[in-house]
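Below is one structure; the comments refer to it alone.
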Amino acid sequence: MKKVFYLFIVSLLIFSGSCRSVILYDTWSTYTFKVKNSTQEIITLKFLSNPSFFDGYDENNEEVILLPAEEKIVRLLGDAKLNSPAYDCLTDPRISFSNELVFDTYVNDEKLEKQLWQAENWTYSHISKWLAEYSMTITNEMIEK
């Protein structure tokens with residue numbers, strides 16, 4: 001009877017540990033980053049690092065080309081614990097800006113010296129409990145030299 005009791009306790013611990021990991025996975029927040037080109041120029045964003053989250057997503061490229069008036073999703077990022085539920089993580093001083101969002105900007109193949117990837121250029125929108133969206137609209141003023 002003691003062996004059965006110990007087996008029951010061990011099984012219960014294993015089962016509760018696996019359930020806890022599923023619950024932690026379910027609390028991941030997803031952040032969508034969209035960029036819109038409101039200029040008449042061709043804008044190219046060359047990311048300095050490869051995306052690590054949602055690697056299979058079609059538009060997560062090292063280089064994103066935005067034609068005039070075009071909008072694209074440039075990154076999908078996820079973060080657990082501190083960012084769950086979804087909130088404006090880019091303005092939180094405890095979180096450094098994700099390396100996956102750092103890019104060089106090219107206007108008609110000419111490199112822009114301004115760093116448009118900075119947090120102040122993104123607008124935050126809370127979509128749902130676990131989803132948030134950041135958007136950036138590149139304007140003529142932003143790309144003036």
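The values are calculated or read from the model by the stated rules, or taken from the named source; none is laboratory data. Worth saying up front: this structure is predicted, and the values here are computed from it rather than measured. All Cβ positions, even for glycine, are placed from backbone atoms using ideal geometry, and neighbour counts span all protein chains on display.
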Among the residues of the range 42-63, is any at pLDDT 90 or above, in a strand (DSSP E or B) and basic (K, R)?
yes
Which residue, of E113, E100, E133, is of a type in the set (D, E, K, R), exposed (fewer than 11 other Cβ atoms within 10 Å of the Cβ) and either within 20 Å of E71 (Cβ to Cβ) or modelled with pLDDT of 85 or more (or both)?
E113
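In this structure, does T32 turn out to be at pLDDT 90 or above, surrounded by 16 or more Cβ atoms within 10 Å (Cβ to Cβ) and within 29 Å of T139 (Cα to Cα)? Before the answer, list the steps.
Numbers: at pLDDT 90 or above: no; surrounded by 16 or more Cβ atoms within 10 Å (Cβ to Cβ): yes; within 29 Å of T139 (Cα to Cα): yes.
No: the conditions fail for T32.
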